[in-house]
Amino acid sequence: MDSLNRTAIELVDEALEYAEELDIGAYELENEATVLDLGLEFDGGVEAGLLATEIQTAGLATPNRYLAEIGDASIPHVELSTDQPALSLLCSQKAGWELATEDFEGLGSGPARALVAEEEEFHRVGYTDAFDLTALAVETDTQPTAAAAAQVADLAGVETSGVFLLAYPTASVVGSVTNAARVAELATFRLSELGYDPLDIVSASGRAPVAPIAGDERGAIARTNDAIAYGGSAHLIVREEFDRFDEIPSTAADDHGEPFRAIFEDLEWSFEETPAELFAPATVTVDVLGGSTSVYGERNEELLVDSFGL
C-alpha cells in the first residue's frame, strides 16, 4: 500500500492550486509550515469540505453530496464510501490527535496520525507510514501557530517545512461537511472497539445531513453530532458474523434520544465524559459476505428538525 501521506499531499497540492475557486486561503508560518485556511478568515464551501474530506481519508474514500428532505427543508447531505476502511477511516480520517501547545488548541485528523502510529487503531491494523511531508486537518476557531506546527513536525518526524495544517472551525461550511462525512468512520471505529477485526471490514459507506452552520463552536459541535447520531446511516460489508452488531448504532447508548447540546451541558461540556456509544450513526446495515444482512438502529427526524432550527 502506498503512503497515506503521499496520496494526501497530492490532494493538498490540488487545494493550493485551486484555493481561489474554493474560497480558501494559504500562508506560511515563520517556521515554513503551511496553513490552509478553510473557514477561519475565508468562507470555504461544500466543495472545499469535500476536498478536505478526501485529504483526511488520504484519497482512499469517495465523498459526494446530494439534497434530501428533513422536515420541510431541503438539506445538503454527504455520502462517503471506501473499500479500504481500516486505512482510510481508522488510520487517517479518525479525529485522534489532541493538538495542544501553550498558544493553540485543536482536534486533529488525517494522515499525519499514521506517521506517529501510537493509537490503538494502528496496532489493530498493523500500519505505520513513512513520508517526508504530512497533512493534518485541525478543527479550531483560532489560527494555527508555529508552535503547533512544530509539535506536529516533531511527533511525525518531518521538517516543519513539510507540515500542512488544514484549519477550520466546526461552525463553518467545511466543518459541517467534514463532520457529516464521518458516519462510515464512526461505524467502523465502533465495530472495532467492540472487538471486531477491522481488517475483516471489506467496505464501508455512510451518509448524513450537513448541519446548518451554528453561531458558535459549542452549538456547531452539538448540531454536527446530532446530524450523525440521529440522521446518519452506515452500510458495512464484512467477512465474519459477530454477536454484537446491534451495539454499533447510537441507539445502543443509554442517553440516546437526548440532543447533544443537552448532553454536553449536563456534563459541563466535558467531552471526554460523554459516553462513547453516542458517537455513532443512527442506523447501521451490516452485510456479511455469504451470510446475513441486518439493520440496526433508527433515525430521529423530529430531533434533527429541532436541533437544526427548521
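Taking every residue in region 263-278 that is without any contact (Cβ under 8 Å) to a residue 24 or more places away in the chain and pairing it with any residue that is in a helix (DSSP H, G or I), at least 6 positions away or on another chain, the pairs with Cβ-Cβ distances below 6 Å are LEU267/GLU273. Kindly provide the set of residues from region 101-124 that are farther than 17 Å from GLY59 by Cβ, in contact (Cβ under 8 Å) with a residue 40 or more places away in the chain and either out of contact with any helix residue (DSSP H, G or I) (no Cβ under 8 Å at 6 or more places or on another chain) or in a helix (DSSP H, G or I) (or both), ordered by number. Once the filter is applied, which keeps residues that are farther than 17 Å from GLY59 by Cβ, in contact (Cβ under 8 Å) with a residue 40 or more places away in the chain and either out of contact with any helix residue (DSSP H, G or I) (no Cβ under 8 Å at 6 or more places or on another chain) or in a helix (DSSP H, G or I) (or both), region 101-124 yields VAL116, GLU121, ARG124.
Taking helices (runs of 4 or more DSSP H) as the structural unit, those lying wholly within region 177-296 and holding at least 3 residues that are over 21 Å from ALA95 (Cα atoms) correspond to 260-266. What about ARG6, is it out of contact with any Cys (no Cβ under 8 Å at 6 or more places or on another chain) and part of a helix (DSSP H, G or I)? Taking the combined requirement at face value, the residue satisfies it.
Give ALA114, ALA153, ALA149 a once-over and let me know the one that is buried (at least 19 other Cβ atoms within 10 Å of the Cβ), more than 25 Å from SER205 (Cβ to Cβ) and touching an Asp or Glu at 6+ places or on another chain (Cβ under 7 Å).
Numbers: ALA114 fails: more than 25 Å from SER205 (Cβ to Cβ); ALA149 fails: touching an Asp or Glu at 6+ places or on another chain (Cβ under 7 Å).
None of the other options fit; the residue is ALA153.
The number of residues in region 256-281 that are over 21 Å from the mean Cα position of the chain (by Cα) and under 19 Å from GLU301 (Cβ atoms) comes to 3.
Just one of the listed residues (GLU159, GLU105, GLU121) is charged (D, E, K, R) and buried (at least 21 other Cβ atoms within 10 Å of the Cβ), namely GLU121.
All of the numbers you see were taken from the coordinates with simple rules; none came from a lab. Just so you know, these numbers come straight off a predicted model, no measurement behind them. In this analysis, Cβ positions are derived from the backbone assuming ideal geometry, glycine residues included, and neighbour counts consider all displayed protein chains.
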